[in-house]
Structure formats: structure tokens, C-alpha cells
1. May I ask you to verify whether Asp134 is surrounded by 12 or more Cβ atoms within 10 Å (Cβ to Cβ), of a type in the set (Asp, Glu), in a loop (DSSP other than H, G, I, E, B) and modelled with pLDDT under 85?
2. Determine if the range 41-54 includes at least one residue that is at pLDDT below 85 and β-branched (Val, Ile, Thr).
3. Which count do you get for residues in the range 150-170 that are in contact (Cβ under 8 Å) with a residue 60 or more places away in the chain, under 29 Å from Pro78 (Cα atoms) and crowded, with 16+ Cβ neighbours inside 10 Å?
4. Step by step: first the residues of the range 88-119, then only those that are closer than 17 Å to Thr143 by Cβ and hydroxyl-bearing (Ser, Thr, Tyr), then the one that is modelled with the lowest pLDDT. Which residue is that?
5. Are there any pairs with C-beta distances below 8 angstrom linking a residue in the range 24-42 that is touching a residue at least 12 places away in the same chain (Cβ under 8 Å) to a residue that is of a type in the set (A, V, I, L, M) and in a helix (DSSP H, G or I), with the two at least 6 apart or on different chains, and if so which?
6. If I go through the range 137-177 residue by residue, how many of them are at pLDDT below 90, among the hydroxyl-bearing types (Ser, Thr, Tyr) and farther than 24 Å from Gln28 by Cβ?
Amino acid sequence: MERLRRRNPFQYQPDDTADSEKRILDEQEQEDTISRLRAQNAESDRQALLILKLVLALSAIGHLIMLLRTSNILLFLPQLVHVNMYLIITQNTNAQSWTFTYTAAFLAPTLAFFHFGGSLASVDPSIPDPIDHDIAWWAHLVTPMLVWLIRNSMDGIHKSTESIETLESMKYRALGA
């Protein structure tokens, strides 16, 4: 009889009492709760990664159009940043160096501002009329904001995964619960 697990009988407790917060979960309830949280976290991560990929793709397409319409070599740097960020998202890892990403993201607008006097109009007259010259310069500022967004989102994804792992390590044995 000692090998059998004793369970406490059901006792009704109204929800408004302080004792309802002291409820102890048995091993199966703990595992079910952690599994449910893990599934919700996985779904949330999947949605966040999909949104990040869409935003990154839209930005890359915009930069690619600008690169194809002009011969400005500075428009190539954001494409390298986009490729690096895509690799970070698809590998779902923080192992990539953010130093390169931030440096390349800020290098193009800085060079454009200091070398070309803040406007590409005097340097690149090949940009067609529908595209304003200042838009080409401001397009570079989208990339650092995108790097910041993806970095913070990936940090949030990794923190939520670590939180689930921490919660799993906190499981306890509740004999007789």
C-alpha cells in the first residue's frame, strides 16, 4: 500500500479565497501546463518569424529596385545586411555577429551623408524622375531600423524559449497532491 500514490480528496474552495492561489500541481498537471505553454510559445515564435521574414522581404525588394535603377554602389550595402538578417532569422540563432550587421547598416547612410553632402542628387543623376533623390538617401535609414527590429524580436524569441526551459527545470514532486 505504500507504493500507491495517495491523492488528496477534492475540497471545494471558492475562487475568491486566498487559499486558491496555494494550489499545488501534481506531476501530470505540471507537465500538461508546461506542454501547453511550450505549444503556445512555438506558435507565437512561428508567427513572429513569419512577420519578420515578410518585413525583411519587402525591405529587400525595395532596396533591390533602388539598386537596379541606379548605379550607386552604396545601395549594395543594405543588401548584404538583408542577407545576413535572413540567415539569422532562418537559422533562429543569435550566433551571428550583430557587430557586422549594425556596422554595415550605418555605413551606407554615413558615407552618403559625408561623401555626397547629404544628398545623392549631385552624384547620381541616373535615378529616374519618379524616384526622388532624397528617397534614395532615406532608404538607407530603413535598414538600421530593420536591424534593430529583428534583433529585439530575436532576443524576445530566445528569452521566451529560455523562460520555458527555466520553468521546466523548476518542476517539483508533489506527493499526494
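The values are calculated or read from the model by the stated rules, or taken from the named source; none is laboratory data. Only a predicted model underlies this, so the values are computations on that prediction, with no experimental measurement involved. Glycine also receives a Cβ, built like all others from the backbone with ideal geometry; neighbour counts cover every protein chain displayed.
1. no
2. Within the range 41-54, none of the residues are at pLDDT below 85 and β-branched (Val, Ile, Thr).
3. Total meeting the criteria: 4.
4. For the range 88-119, the residue satisfying everything is Ser97.
5. From residues that are touching a residue at least 12 places away in the same chain (Cβ under 8 Å), the pairs are Ile34/Ile164; Ile34/Leu167; Leu37/Ile164; Leu37/Leu167; Arg38/Ile164; Asn41/Ile164.
6. So the count comes out to 1.
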